[in-house]
1. Give the residue, chosen from 241, 263, 227, 216, that is within 20 Å of the chain's Cα centre (by Cα) and either under 23 Å from residue 57 (Cα atoms) or surrounded by 17 or more Cβ atoms within 10 Å (Cβ to Cβ) (or both).
2. Just to be sure before I move on: is residue 203 among the small types (Gly, Ala, Ser), touching a Leu at 6+ places or on another chain (Cβ under 9 Å) and modelled with pLDDT of 95 or more in the structure I sent?
3. Taking strands (runs of 3 or more DSSP E) that fall entirely within the stretch 54-157, which contain at least 2 residues that are of a type in the set (Val, Ile, Thr) and within 16 Å of the ligand (Cβ to nearest atom)?
4. (1) at pLDDT 95 or above; (2) within 16 Å of the ligand (Cβ to nearest atom): which one isn't true of residue 209, the others all being true?
5. Out of the residues in the stretch 315-353 that are farther than 26 Å from residue 21 by Cα and aliphatic (A, V, I, L, M), which is surrounded by the fewest Cβ atoms within 10 Å (Cβ to Cβ)?
6. Is it true that residue 95 is out of contact with any strand residue (DSSP E or B) (no Cβ under 6 Å at 6 or more places or on another chain), among the small types (Gly, Ala, Ser), within 22 Å of residue 407 (Cα to Cα) and crowded, with 22+ Cβ neighbours inside 10 Å?
7. Just one of the numbered conditions (1) within 14 Å of the ligand (Cβ to nearest atom); (2) among the hydrophobic types (A, V, I, L, M, F, W, C); (3) in contact with a strand residue (DSSP E or B) (Cβ under 8 Å, 6 or more places away or on another chain) is not true of residue 221; which one?
8. Restricting to the stretch 236-254, count the residues that are in contact with a Phe, Trp or Tyr (Cβ under 8 Å, 6 or more places away or on another chain) and either modelled with pLDDT under 95 or charged (D, E, K, R) (or both).
Amino acid sequence: MYFHGTSKINDKGHLEIGGCDTSDLAAEFGTPLYIVDEDLVRKRARQYVEAFRASGLKFQVAYASKAFCVMAMCAIVEEEDMSLDVVSDGELYTALQAGFPAGRIHFHGNNKTPDEINMALDANIGCYVVDNFVELHLLNALAAEKGKSVNVLLRVTPGVEAHTHDYISTGQQDSKFGFDLGNGAAYRAIQEGLQLKNLKLLGVHSHIGSQIFEVEGFRMAVDKVSEFAVQIKSELGLTFEVINLGGGFGIRYTSEDAPLQVEEYVKAITDAIKSNFSQAGYPLPEIWVEPGRSVVGDAGTTLYTVGTSKDIPGVRKYIAVDGGMTDNPRPALYESKYEAVLANRANEAVQETVSVAGKCCESGDMLIWDLELPEVNIGDLLAVFCTGAYNYAMASNYNRIRRPAVVFVKDGQADLAVRRESFNDIVGNDIIPARLKKEAVL
Ligand SMILES: *Cc1c(COP(=O)(O)O)cnc(C)c1O
């Protein structure tokens, strides 16, 4: 079994994370429970920042908050000197409530509403990554109304396909995101942007996909973007100050995954930038990247209690846990694979192969197929690894299941970062129209 960060088996044979025994965490906070290894989050953040420092280029590492956006996480991102990407008013609100410096917030998205843009303008955020022509003109008009001038990157689609799942690949031409580099849309966007008085064009942004294991896609994106930069400088007289190469750096979910080290991704990108731009005699731009998954993914573990099992002789044995697609929709959405252990008997030998089902009314609500475990008893704790990214962030209340709590663990201390949802959270926004009113029976 592969243990991430501070995870290990303690002398009781229990899984321990951040110096906390997961059996104790289950007793104190209940299950399902998201556990975040704070040291590992900080380690990942520092790997990015330090690798960029070593490159000598100017840079910003912007954490893509959509991977896991809660106020405690924003506080850590702030402390680690990163910037923060948001893609909605809700993420922006979370960051601002956490006291995150607005000047380090970048606003993404292919359909920012006027209300969202106004909220960002009022907060004086650092940069807008403009996705399309409608937004380009809308942002300029709204900024003009407030008498402001705002920093803008144009999101371009470089026509690079990263080798990844279709739904999480975005750099190809047929994408809902960005201005196409190949068909002249990006060029026209720069031309139009240069005419808009309340926008300051800093450069371009490209994001080619997610869970990428090779540097080739990033190198190709750098090639396309630097070629474009040179063309724009000579034909339109604009010198890009910033090149943003997005996120998508892969992590190890299972033994099938072989990601590169953070330092290797960063070095490939900064080397390609240095060589392309210096060859062209172009002033070296500032480089921004936007890791999401690779900052929090392997730092998260979800702890469940096994509640029931069903053995179909000759077919398979199911065990069912007290969560499922509501707290982790990724297996159902992307056929994502995970590794897991029995947290309360983590040192026992493998004895059986089981498939882990959630508790939702969906046959597709499966977390792991064919997992090897010691013989599973009802009441055992199952710890699923690498659930830090796109789990809590994508959680739902399907079947009116309450979203789990999130605890941050570090040096033997466990702090609640998100409370478990209450029944009032479930019905709190419901309204029974007067004509349907009945007395509550609870
Ligand atoms: C999702 C996204 C990211 C982060 O992707 P990860 O795979 O989580 O690193 C970065 N930038 C943009 C524009 C995104 O849409």
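The values are calculated or read from the model by the stated rules, or taken from the named source; none is laboratory data. Not measured: the values here are computed from a predicted model. Positions of Cβ are backbone-derived with ideal geometry, glycine not excepted, and every protein chain shown enters the neighbour counts.
1. 263
2. Against the criterion (among the small types (Gly, Ala, Ser), touching a Leu at 6+ places or on another chain (Cβ under 9 Å) and modelled with pLDDT of 95 or more), residue 203 qualifies.
3. Details: elements: 59-64, 83-86, 105-107, 127-130, 150-157.
Of the strands (runs of 3 or more DSSP E) lying wholly inside the stretch 54-157, those with at least 2 residues that are of a type in the set (Val, Ile, Thr) and within 16 Å of the ligand (Cβ to nearest atom) span 127-130, 150-157.
4. The failed condition is (1).
5. 315
6. It is false that residue 95 is out of contact with any strand residue (DSSP E or B) (no Cβ under 6 Å at 6 or more places or on another chain), among the small types (Gly, Ala, Ser), within 22 Å of residue 407 (Cα to Cα) and crowded, with 22+ Cβ neighbours inside 10 Å.
7. Single failed check for residue 221: (3).
8. The total comes to 1.
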